[in-house]
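The values are calculated or read from the model by the stated rules, or taken from the named source; none is laboratory data. For clarity, every value in this text was computed on a predicted model and none was experimentally measured. Here the Cβ is made from the backbone with ideal geometry for all residues, glycine too, and neighbour counts use every protein chain on show. Just the protein is used for accessible areas: all its heavy atoms, side chains included, with ligands, DNA and RNA removed. Shrake-Rupley method; radii C 1.70, N 1.55, O 1.52, S 1.80 Å.
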Amino acid sequence: SSSFRSEAKSGRTDLIFLIRFRHCCLLRNQRCLLAYLYDRLLRIRALRWEYGSVLPNTIQFHMSAEEVEWFSRYKKSLATYMRSVGGEEGLDLTQDIKPPKSLYIEV
C-alpha cells in the first residue's frame with residue numbers, strides 16, 4: 001500500500017486507478033461487515049423477547065463475548081424501563097406479545 005502511494009506520487013498515474021479501486025473495495029467490505037454485525041445485533045435483541053432474560057447454552061455457545069455482554073446490557077436496560085412504567089410493580093412488556101385471536105374480551 002505504501003509502495004503504491006510512493007510510486008503514484010513520483011508520477012505513476014496508472015496506479016491511481018488501482019489505489020481508487022482498492023479503496024472502494026475496502027469501503028464495500030466495511031459496509032458489508034457493518035450490515036452483518038447490525039443484523040446479528042437485531043437477532044440478539046429478538047432473542048431477549050423470544051427466550052427471556054436467560055439464553056439457552058446452545059445459543060450462547062455461538063455468541064462472542066461482546067455479544068453476550070451486549071445482551072446483558074440490553075436485558076438490564078429493558079428491565080429498568082419496564083420497572084419505570086406501569087406504576088409501582090412496573091409493566092412486563094414481554095408477556096402477551098401475540099395479540100388475542102378474538103376482538104372481544106370478557107371482563
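Kindly identify the chain as rounded, prolate or oblate by the Cα gyration tensor criterion: order the square roots of the eigenvalues as a ≥ b ≥ c, call it rounded if a/c is under 1.5, otherwise compare a/b with b/c, prolate if a/b is larger, else oblate. List each step's numbers first, then the result.
Numbers: a/c = 3.73, a/b = 3.12, b/c = 1.19.
Taking the square roots of the gyration eigenvalues as a ≥ b ≥ c, the chain is prolate.
How large is the charge dipole for the range 1-81, taken about the Cα centre, if only the Cβ atoms of Lys, Arg (+1) and Asp, Glu (-1) carry charge, to the nearest 20 debye? Please list the in-between numbers first.
Details: 14 positive and 7 negative charges, 53 e Å.
In total the dipole reaches around 260 debye.
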Task: Per residue value of the accessible surface for the chain (all protein chains in place, 1.4 Å probe), Å² - done: 88 Å²
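On the protein heavy atoms, probe 1.4 angstrom, tell me the percent of accessible surface of the range 1-81 carried by carbon and sulfur. Mind dumping the intermediate values first?
Details: 3910 of 6550 Å².
Answer for the range 1-81: carbon and sulfur cover 60 percent of the accessible area.
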Task: Value of [θ]222 nm, deg cm²/dmol, for the chain, DSSP H segments ≥ 4, -39500 (n - 2.57) each, nearest 500 - done: -22000 deg cm²/dmol
Open item on the list: Need one number: nm distance between label points at residue 25 and residue 57, each 7 Å from Cα along Cα→Cβ, rounded to one decimal.
Closed with: 4.4 nm
Task: Exposure rank, largest accessible area first [71, 17, 61; 1.4 Å] - done: 61, 17, 71
- [ ] May I ask which residue of 51, 19, 30 lies farthest towards the positive end of the charge dipole of the range 1-81, with charges of +1 (Lys, Arg) and -1 (Asp, Glu) on Cβ and the Cα centre as origin?
- [x] 19
Open item on the list: If I model a spin label as a point 7 Å beyond the Cα along the Cα-Cβ vector, how far apart are those points for residue 73 and residue 42 in nm?
Closed with: 2.0 nm
Open item on the list: To test your reading of the geometry: what angle, between 0 and 90 degrees and rounded to tens, separates the Cα axis of helix 14-51 from the longest principal axis of the chain?
Closed with: 10 degrees
- [ ] Take each of the peptides 33-39, 98-104, average the number of other beta-carbon atoms within 10 Å over its residues, and list them starting from the highest.
- [x] 33-39, 98-104
- [ ] Taking H placed 1.01 Å from N in the peptide plane, check which residues at least 5 places from residue 90 or on another chain put their amide H under 5 Å from its amide H.
- [x] none
